[in-house]
Amino acid sequence: MMRWQFLLGGFLLIALVAGTITRADLTEEQKKELFLKSREKMRTVASPTPEESATPRRKPKPAERPPAKKKKSPTPKPTPEPEEKPARTPRPESEETPARSAQPKETPSRRPTPSESTPPHATVASPTRPPAVKSTPAATASEPPQVIIKKSGYQQPRGLSLPFRLFGKRYNYLTRSVRNEIDRAPVLRERWRFIIVHNSGTRQGNARIFDYYHRNVRRMSNGLAYHFVIGNGSSSGNGEIEVGNRWRRQINGGHVHSDYLNNISIGICLVGDFNRTQPTRAQLDSCEELIRYLRDRCGKVERHEIPVRPHREMNPPRWATDCPGDDYPYRWFGRFR
């Protein structure tokens, strides 16, 4: 047994040595043929495609939308109970209290969208001025000039206007006591800008009677609505000048239907109903002396004398009046223009 094994091993050794010798003796062409045959016997494995080699990507999940908020149904407002009508309140200082003009409600402006809104770096153009209003042709001599009337906006002037008269002047109706009361009042510079002439609308009366009527019937806390009253000979002297408490205290009047004009205008009332009769000559002369004295006492307004106007030219159009009456001589006002 051992002998056969020894012989088999020897044959294998001889074959191995012979194979190496024969392989070494092979030419290049024989090696190439052996290589091609061995390659054909190799199992070819198909290479994967780029689509198969690429790892599949997960598709992104759509973003979840937040649940829509439910609109709350508007709760019905409780109906207010009818309120009791308040008691009648006293009227203000003005001659008549104007009703507030109905102004149209402003519609809320639409908010601009993000696309419409300007970016922070954009420049905003400055607003252009409105076109200037063309001035209307001058009014004829018969038509009085229009006066712009405001409800409020009075600005308190500064500094006192001191009386200064170098030579004395003789007056027929301005007594020394009346002049002293006019001069004693602490008049501020440019405090008064108009002098307005009225009629009382009654055939008789004086400052005391009108003060009682305005304080107790019209419910004016400051009493007499005018600064001065000139009598017609019925309840006071013909052409007699009475100084009201509003002038002594230098407070606004209550003779015009405008708070703004009441703050800047002096009211002079001539006793009488000038829709039926005309003012007396003494009343007109006395009023002229008073107006000229007041102009000197109050000083000029913007380098001009204080204008003198009838009440009918100063009241707002909505509250038109015929004061100081249709029979009043309106040419008389031309002396102060």
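Each Lys or Arg adds one and each Asp or Glu subtracts one; over the other residues with Cβ under 10 Å from the Cβ of Arg248, this totals +2. For a quick check of your reading of the filter: which GluC sites (Glu not before Pro) in the range 258-303 sit in a DSSP loop and have no more than 11 other Cβ atoms within 10 Å? Here the GluC sites (Glu not before Pro) that fit, given the DSSP loop and packing criteria, are Glu302. Counting every alpha-carbon pair across the range 176-336, the share separated by more than 21 Å comes to 41%.
Nothing charged except the Cβ atoms of Lys and Arg (+1) and of Asp and Glu (-1): what's the magnitude of the dipole of the range 210-337 about its Cα centre? Round to the nearest 20 debye. Please list the in-between numbers first.
Working: 19 positive and 15 negative charges, 76 e Å.
Computed about the Cα centre, the dipole is about 360 debye.
For the range 170-260, which trypsin sites (Lys or Arg not before Pro) pass both filters: DSSP loop (anything but H, G, I, E, B) and at most 13 other C-beta atoms within 10 Å? Hits after loop and neighbour filter: Arg170, Arg203, Arg219.
Bear in mind that the values in this text are calculations on the coordinates, not laboratory data. From a predicted model like this one, the values you see are computed outputs, not experimental measurements. Cβ coordinates were reconstructed from backbone atoms using ideal geometry, including for glycine residues, and neighbour counts include every protein chain displayed.
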